[in-house]
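Enquirer: One structure is given below, represented as structure tokens, and several questions about it will come after.
The values are calculated or read from the model by the stated rules, or taken from the named source; none is laboratory data. Because the structure is a prediction, the values reported are computed rather than measured. Positions of Cβ are generated from backbone atoms using ideal geometry, with glycine treated the same way; all protein chains shown enter the neighbour counts.
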Amino acid sequence: MLQLTDAGKRFGPKTLFENVNWLVTPEERTGLVGGNGTGKSTLLKVLAGMEHLDYGSLQRTKGMTLGYLPQDGLAMSGRTVFEECLSVFDATRSMERELEVLSAQMAELAPDGAEYATVARRFSHLNELFHAQDGYALDAQVGAVLGGLGFSKEDWQRRTEEFSGGWQMRIALARLLLEKPSLLLLDEPTNHLDLETRNWLEEYLRSYPNAFVLISHDRYFLDVVANRTVEIWNKRMHFYSGNYEKYLREKQERRAQLEAAYKNQREQIGHLEAFINRFRYQATKARQVQSRIKELEKIERIEIPIEEETIHFAFPQPPASGRAVVEAQAVGKDYGAKHVLGDVNFTIERGDRIALVGPNGAGKSTLIRMLAGLEPPTEGGIRLGHNVQADYFAQDQYKVLDPNARMLDDISATAPRVSQVELRSLLGCFLFSGDEVFKPLGVLSGGERNRYALARLLVGPANFLLLDEPTNHLDLRAKDVLLDAIRNFTGTVIFVSHDRYFIDGLATRVFEVEHGSVQIFPGNYEDYLWRRQSGEQTATAPVMAAAGLQKAAEKAVPAASQPESAENSAENKVRRLNPIKLRQMQERCQFVEEEIPRMEAAMAGTEQSLGNFVSMEETQRLTAQLEDLRRQHAELMAEWEELSMTLEEQVELS
């Protein structure tokens, strides 16, 4: 369908890629990956015909159609959203109008006349084409795509120019999906989508009838929609069968094979060179030496490409907070006549990692701003616990940075105990390398300053982090660094993200914000979806372990919704956990095992203090403290028992 032959592209003095040979087939479902600046977007523009090659050739099959979605920059005006999308079918609608004219002519002409026969043949031909293009369901097609991309029916009749840049890109995406070109080229199509619309787009692309090539920094999205991965690395293109997860495994296997071949070749070369050096000056061995020299010259040397260094950064840990970090009671929020949240109640405990999910505009950012103390609730109250130090990362965090400060100087002042070598490594993870670290913050783009603000937040963290879209503007490598950093963070985190892989790898609870209320689900996003799909009731009481939360939620299900057969119950009881969830439970079990002896030591110390009478008030205080410690100890023991049982079941399953 489309073929690149010996293709190469330069950007100024820099070569982006060269010697590329790629045949794009009609079944192509490819994820295009690679580091920032390697030329992914440029390659997509080359395929779309918007950029020219510096070397090689590009050939397309006659009659194929292309559809290209850039990262941003598109704007439409002059029509309503529905009219804009319906304009994709102008040819089909023109056909419909002609059918109406032909039908009227046939009603007036004599059935046995030659003119009637001509009109009838034309009508029959057009009618077949119209049916083949599903012409009678155009409105339904447009409505399905607009609904899937998050447009309400009220939005359909709004003018396109009334929408922001992100929603304009959704309209452009809707047009492309309705056009169904032979080859769909999508550059970061999920950038402006929330979780619900991403899930819809995943399902749409899985059943898309034609080929597509897309760029995305969402690992889960790539895993779901792509069956082939193409990597631009070291100025070359490398092809892998399978999705992103399989690509990572295959890349490691290829690397191991290459290193083994390199080692064998070095040994072979060493033996040849040793023979040559040993017998070079012996006349009786001259023929053998010359033979070895020729053999050595013929060897095509294997080179091990330099891998990008994996950064492991040890972020400073914050001071401990009290057990209860936040208590929200009957919280409500209104903006004038607009009701956003009402009667919201929850408790956040130390060590929780909570994901806020829900459609755009549901109130996620409003809730996180209230928790950060930036907005007061209209009703109810939010109380922070003992020694809680909150820090907030906003979607437009760059606005609070000093534009005159140099990047490295600014972050060094934030973390004076961290060496500049470590800080530069960290900034490299967030896509700042070389002399870029000496730039004033004011010359950076909004996305670059947001990336820097996130790195700055992590080197001097408070014990309660509130993160609103921290994964925006990060590539896959930077997301992995951020994910590892927050996993090892000993404080409490509440975050908003539209990255499914990030939520699955991090969340211990999910707060669903929708229709003015907050529902609480245990576990990560996968658990949240499973509970929603199975119709299970949500858990509203704070429970410390994901396993404990899961069992508590299962006990709370009404008898009518419980599986009727004992076989189904047994299957639910020993359901295999996904690797991320299993690792979270193992980490939690280890933490509880370490916490129990500390709790017992605290109980022993309190009992000893009770043996020394000071005053009646002090005795009452110590007695209450001891009772609280015993209660916490009992909860930890119960949790440890449930975790241990669940982990033993998983070992038996494996």
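Enquirer: Could you give me the residue pairs with C-beta distances under 6 Å whose first residue belongs to region 40-52 and is farther than 11 Å from K9 by Cβ, whose second residue is part of a loop (DSSP other than H, G, I, E, B) and not β-branched (V, I, T) wherever it lies, and which are 6+ apart or on separate chains?
Expert: So the pair list comes out as K40/G34.
Enquirer: Something else now. So the check is Cβ under 7 Å with 6+ separation or different chains; which pairs have a first residue in region 462-490 that's assigned by TED's automatic domain parsing to the domain that holds M370 and among the polar types (S, T, N, Q) and a second one that's part of a strand (DSSP E or B) and buried (at least 18 other Cβ atoms within 10 Å of the Cβ)?
Expert: Going by the 7 Å Cβ cut-off, the qualifying pairs are N463/T492.
Enquirer: Of the conditions (1) outside any loop (DSSP other than H, G, I, E, B); (2) closer than 23 Å to L476 by Cα, G67 clears all except one; give me its number.
Expert: Unmet condition: (2).
Enquirer: Consider region 11-34. How many of its residues are loosely packed, with under 15 Cβ neighbours inside 10 Å, under 30 Å from F430 (Cβ atoms) and touching a residue at least 24 places away in the same chain (Cβ under 8 Å)?
Expert: Counting residues in region 11-34 that are loosely packed, with under 15 Cβ neighbours inside 10 Å, under 30 Å from F430 (Cβ atoms) and touching a residue at least 24 places away in the same chain (Cβ under 8 Å) gives 2.
Enquirer: Might you let me know whether region 358-367 holds any residue that is outside any helix (DSSP H, G or I), in contact with a strand residue (DSSP E or B) (Cβ under 8 Å, 6 or more places away or on another chain) and among the hydrophobic types (A, V, I, L, M, F, W, C)?
Expert: Checked against the condition, which is being outside any helix (DSSP H, G or I), in contact with a strand residue (DSSP E or B) (Cβ under 8 Å, 6 or more places away or on another chain) and among the hydrophobic types (A, V, I, L, M, F, W, C), region 358-367 yields at least one hit.
Enquirer: Among the residues of region 177-191 satisfying the criterion of being surrounded by fewer than 22 Cβ atoms within 10 Å (Cβ to Cβ) and not basic (K, R), which is modelled with the lowest pLDDT?
Expert: Selected residue: N191.
Enquirer: Just give me the residues in region 390-427 being outside any helix (DSSP H, G or I), of a type in the set (S, T, N, Q) and over 14 Å from L441 (Cβ atoms), in sequence order.
Expert: Q395, S419
Enquirer: So, one more: Checking K439 against (1) on the phi > 0 side of the Ramachandran plot; (2) modelled with pLDDT of 85 or more, which single condition isn't satisfied?
Expert: All conditions are met except number (1).
Enquirer: For N450, which of the numbered conditions (1) in contact with a His (Cβ under 7 Å, 6 or more places away or on another chain); (2) within 22 Å of T492 (Cβ to Cβ) fails to hold?
Expert: (2)
Enquirer: Sticking with this structure for a sec: Which condition from (1) without any contact (Cβ under 8 Å) to a residue 60 or more places away in the chain; (2) surrounded by 18 or more Cβ atoms within 10 Å (Cβ to Cβ) is the one that V421 breaks?
Expert: Answer for V421: the failing condition is (2).
Enquirer: Here's something else I'd like to know. I'd like to verify a number: residues in region 104-122 that are out of contact with any helix residue (DSSP H, G or I) (no Cβ under 7 Å at 6 or more places or on another chain) and either closer than 21 Å to Q141 by Cα or assigned to a helix (DSSP H, G or I) (or both), how many?
Expert: Within region 104-122, residues that are out of contact with any helix residue (DSSP H, G or I) (no Cβ under 7 Å at 6 or more places or on another chain) and either closer than 21 Å to Q141 by Cα or assigned to a helix (DSSP H, G or I) (or both) number 8.
Enquirer: Next question. Please verify whether region 222-241 includes one or more residues that are more than 11 Å from V33 (Cα to Cα), modelled with pLDDT of 90 or more and of a type in the set (S, T, N, Q).
Expert: Yes: region 222-241 contains one or more residues that are more than 11 Å from V33 (Cα to Cα), modelled with pLDDT of 90 or more and of a type in the set (S, T, N, Q).
Enquirer: So for region 209-216 (the condition being buried (at least 17 other Cβ atoms within 10 Å of the Cβ), in a helix (DSSP H, G or I) and either of a type in the set (F, W, Y) or modelled with pLDDT under 90 (or both)), does at least one residue qualify?
Expert: no
Enquirer: Determine whether F432 is touching a residue at least 60 places away in the same chain (Cβ under 8 Å), assigned to a loop (DSSP other than H, G, I, E, B) and aromatic (F, W, Y).
Expert: Judged against the criteria, F432 is not a match.
Enquirer: Any chance region 39-51 includes a residue that's assigned to a strand (DSSP E or B) and touching a Lys or Arg at 6+ places or on another chain (Cβ under 8 Å)?
Expert: no
Enquirer: Could you tell me whether any residue of region 374-386 is in contact (Cβ under 8 Å) with a residue 60 or more places away in the chain and crowded, with 18+ Cβ neighbours inside 10 Å?
Expert: Yes, region 374-386 contains a residue that is in contact (Cβ under 8 Å) with a residue 60 or more places away in the chain and crowded, with 18+ Cβ neighbours inside 10 Å.
Enquirer: Just the residues that are of a type in the set (A, V, I, L, M) and surrounded by fewer than 21 Cβ atoms within 10 Å (Cβ to Cβ), please, taken from region 460-480.
Expert: Answer for region 460-480, where residues must be of a type in the set (A, V, I, L, M) and surrounded by fewer than 21 Cβ atoms within 10 Å (Cβ to Cβ): A462, L476.
Enquirer: Here is a check on your reading of the model: is D134 surrounded by fewer than 16 Cβ atoms within 10 Å (Cβ to Cβ), touching a residue at least 24 places away in the same chain (Cβ under 8 Å) and not basic (K, R)?
Expert: Criteria not met by D134.
Enquirer: T38 fails exactly one of the following numbered conditions: (1) at pLDDT below 90; (2) closer than 26 Å to P209 by Cβ; (3) surrounded by 15 or more Cβ atoms within 10 Å (Cβ to Cβ). What is the number of that condition?
Expert: (2)
Enquirer: OK, next. If F464 passes every condition in (1) modelled with pLDDT of 85 or more; (2) within 15 Å of the chain's Cα centre (by Cα) but one, which one does it miss?
Expert: Among (1) modelled with pLDDT of 85 or more; (2) within 15 Å of the chain's Cα centre (by Cα), the lone unmet condition for F464 is (2).
Enquirer: Any idea which of Q537, Q533, Q519 is at pLDDT 90 or above and surrounded by fewer than 24 Cβ atoms within 10 Å (Cβ to Cβ)?
Expert: Q519
Enquirer: State which residue is nearest to L44 (Cα to Cα) when the search covers only region 233-261 and only residues that are in contact with a helix residue (DSSP H, G or I) (Cβ under 6 Å, 6 or more places away or on another chain) and of a type outside the set (F, W, Y).
Expert: Only one residue tops the list, namely N243.
Enquirer: Would you be able to say whether some residue in region 407-418 is loosely packed, with under 13 Cβ neighbours inside 10 Å, closer than 21 Å to P318 by Cα and among the hydrophobic types (A, V, I, L, M, F, W, C)?
Expert: Among the residues of region 407-418, at least one is loosely packed, with under 13 Cβ neighbours inside 10 Å, closer than 21 Å to P318 by Cα and among the hydrophobic types (A, V, I, L, M, F, W, C), which makes the answer yes.
Enquirer: Somewhere in region 618-635, is a residue out of contact with any Gly (no Cβ under 7 Å at 6 or more places or on another chain), in contact (Cβ under 8 Å) with a residue 60 or more places away in the chain and charged (D, E, K, R)?
Expert: Yes, region 618-635 contains a residue that is out of contact with any Gly (no Cβ under 7 Å at 6 or more places or on another chain), in contact (Cβ under 8 Å) with a residue 60 or more places away in the chain and charged (D, E, K, R).
Residues are listed down the side, and each one gets a yes or a no for (1) surrounded by fewer than 17 Cβ atoms within 10 Å (Cβ to Cβ); (2) part of a helix (DSSP H, G or I); (3) touching a strand residue (DSSP E or B) at 6+ places or on another chain (Cβ under 6 Å); (4) without any contact (Cβ under 8 Å) to a residue 60 or more places away in the chain:
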position	(1), (2), (3), (4)
E202	no, yes, no, yes
M237	no, no, yes, no
Q252	yes, yes, no, yes
A260	yes, yes, no, yes
K263	yes, yes, no, yes
F275	no, yes, no, yes
R278	yes, yes, no, yes
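Enquirer: Scan region 317-368 for residues that are surrounded by fewer than 19 Cβ atoms within 10 Å (Cβ to Cβ) and without any contact (Cβ under 8 Å) to a residue 60 or more places away in the chain and jot them down.
Expert: E327, Q329, A330, G332, D334, Y335, G336, A337, K338, G361, T366
Enquirer: Only one of these is polar (S, T, N, Q), assigned to a strand (DSSP E or B) and under 19 Å from K180 (Cα atoms): T15, T30. Name it.
Expert: The unique qualifying residue is T30.
Enquirer: Here is a list of conditions, (1) surrounded by 15 or more Cβ atoms within 10 Å (Cβ to Cβ); (2) within 20 Å of the chain's Cα centre (by Cα); (3) at pLDDT 90 or above, and V145 meets all of them except one; can you say which number that is?
Expert: (2)
Enquirer: Can you find, within region 598-621, the residue that is farthest from M637 (Cα to Cα) among those that are modelled with pLDDT under 80 and of a type in the set (V, I, T)?
Expert: It comes out as V614.
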